[in-house]
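Notes for the one structure printed next.
Just so it is clear, none of the values below were taken in a lab; they were calculated from the coordinates. Only a predicted model underlies this, so the values are computations on that prediction, with no experimental measurement involved. Neighbour counts are summed over all protein chains in view; Cβ atoms, including those assigned to glycine, are modelled from backbone coordinates with ideal geometry.
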Amino acid sequence: MAHVVILGAGIGGVAAAIEVRDELAKAHQVTVVSDIPNFQFTPSNPWLAVNWRKPEELKVPLAPVFRKKNIGFTDVGAKTVHPKENRVELNNGESLSYDYLVIATGPKLAFGEIPGLGPHGGHTHSICTLQHAEIASTAWEEFCKDPGPIVIGAAPAVSCFGPAYEYAMIVSTDLRRRGIRHKVPMTFVTAEPYIGHLGLGGVGDTKGMLESAFRDRDIKWITNAKTTAVEPGLLKCDELNDDGSLKKSHEIPFKFGMMMPAFTGIDALMGVEGLVNPRGFVLIDKNQRNPTYPNVFGVGVCVAIPPAEPTPVATGMPKTGYMIESMVTATAHNIAALINGKEAKEEGTWNAVCLADFGDRGVAFVAQPQIPPRNVNWSSEGRWVHLAKIAYEKYFLRKVRKGQSEPVYERYIMKLLGIKRLRDAL
Ligand SMILES: Cc1cc2nc3c(=O)[nH]c(=O)nc-3n(C[C@H](O)[C@H](O)[C@H](O)COP(=O)(O)OP(=O)(O)OC[C@H]3O[C@@H](n4cnc5c(N)ncnc54)[C@H](O)[C@@H]3O)c2cc1C
């Protein structure tokens, strides 16, 4: 009998637990270790931060879901991973031994890399976790009573740019609906070399589309921006030239700010030799396995992926839903194969597929593969993206509540995008 332990219960971890369980015979044991009792649907955080959602709508208590599926569950959290001993040390002092470990712990948010960044002791908000978005939502109501300038964007070494764009557009839409958009100068400050780069070298015409969306919404921007410090009501950044030299230093006053931070791996992984890179991201091969410890797999934001291309200010490559889903399916099949005495041959499809919501419309893009030149390089804009994103949220949360292993992107979103691409081509 084998014991598979899944670390983390976010988009990757919950899907991995259910898919691994469905792949294995009953005699094998599956246990999930999280540090919180709920699944939280991160992609809806930008809506929560402007009070278009309530926190309870985006959470699913996991104990009953996993009980029904015969999956063990603890929310005490992992303190350290000991891959040489096939053991996870938990925060309560106990240890869990495993035959196979799937690491799906997402990111640690590296606010500390820039003085004054972030919601804990800093001066900018965050939408990266449900709790941060909840704090931002309270501050948002206060801000709207007495509005002023807004700064939104992405710090150096960020890999997750999509939510910064979404949040800027959603904030603009919300302000318009409240009739106070004219009182709010907005600036988007990003490490990307151009608007729409997204850590991917752009996809199709994301540059043109997102610049045009910013122009339509009167949002100014600064690219190649190295944010250096945030003081109360003031963001400091150096704008670089393409050769990396200083173009201009800016001091941007703001009354409400949200900056995406860089990510690292979580503390429980940091410094574990052979398992992670210097920033704590899990090293994996094409089959999602760690080369030093081949019974350890990594899925989701916690895995190490090189940047798409060098940029004047460091940027990372995003890891989004479709890619995570395909990493999970490959991992589940490979673990089942190994347990059944076969080879682990399955590979994830590292493609970027994204629905970026603007609150009323949105931009969708498909990059296959992630690094250019690509076989598919497609982007499209319209109201249908906003509706597709709502459907994705409802469908994903329902899938988690029911403990289903159905891959949402593979079954639905890729088909929807396929139809749209065909229509665009006609
Ligand atoms: C605001 C935002 C919006 C996004 N929107 C989209 C989108 O619309 N579409 C898209 O495709 N992608 C989106 N992404 C990117 C990506 O899909 C998400 O970040 C996704 O949540 C990543 O899934 P994950 O499982 O890798 O990590 P997470 O969902 O972050 O899950 C990690 C889990 O590990 C747990 N954990 C952490 N430390 C420990 C520990 N020590 N012990 C045990 N458990 C631990 C955490 O509590 C968490 O539950 C978005 C990202 C952000 C930040």
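Results, tabulated for the structure shown:
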item: 5 angstrom amide H check on V102, placed H, neighbours 5+ away; result: V5, I6, L7, F297
item: The chain - Rg and Dmax from Cα coordinates, angstrom; result: 21.1, 65
item: Per-residue ³J(HN,Hα) for segment 373-378, Karplus 6.51 cos²θ - 1.76 cosθ + 1.60, θ = phi - 60°, Hz, x for Gly and Pro; result: x, 10, 6, 10, 9, 10
item: Extension reserve of the R398-H120 stretch, reckoned as 0.36 nm per residue once the Cα distance is removed; result: 96.9 nm
item: Karplus-derived 3J(HN,Hα), 6.51/-1.76/1.60, for each residue of segment 24-40, Hz, glycine and proline x; result: 9, 5, 4, 5, 7, 9, 10, 10, 9, 10, 10, 10, 9, x, 10, 7, 10
item: Helical mean residue ellipticity (222 nm; -39500 (n - 2.57) per DSSP H run of 4+; nearest 500) of the chain; result: -9000 deg cm²/dmol
item: DSSP-defined beta bridges in the chain - what % are antiparallel, rounded to 5; result: 55 percent
item: Nonlocal amide H pairs with L234, under 5 Å, H built at 1.01 Å; result: F254
item: Over 27 Å between alpha carbons, listed pairs K79/K319; K69/K108; K319/K389; K26/K399; K108/K345; result: K69/K108; K108/K345
item: Cut-off under 5 Å, modelled amide H: who pairs with V30 long-range; result: V4, G72
item: Extension gain (nm, one decimal) between H3 and K220, 0.36 nm per residue minus Cα-Cα; result: 72.8 nm
item: Length added when fully stretched, R411-D146, from 0.36 nm per residue minus Cα-Cα; result: 90.9 nm
item: In segment 285-357, the GluC sites (Glu not before Pro) that fall in loop regions by DSSP, at most 12 other Cβ within 10 Å; result: E343
item: Mean-position separation - Cα centroids, segment 224-239 and segment 122-151, in angstrom; result: 18 Å
item: Cα long-axis angle, helix 206-216 against the chain (0 to 90 degrees, to the nearest 10); result: 40 degrees
item: Considering only segment 111-261, percent of DSSP beta bridges that pair antiparallel, nearest 5; result: 45 percent
item: Karplus-derived 3J(HN,Hα), 6.51/-1.76/1.60, for each residue of segment 65-74, Hz, glycine and proline x; result: 5, 6, 4, 4, 8, 6, 10, x, 8, 9
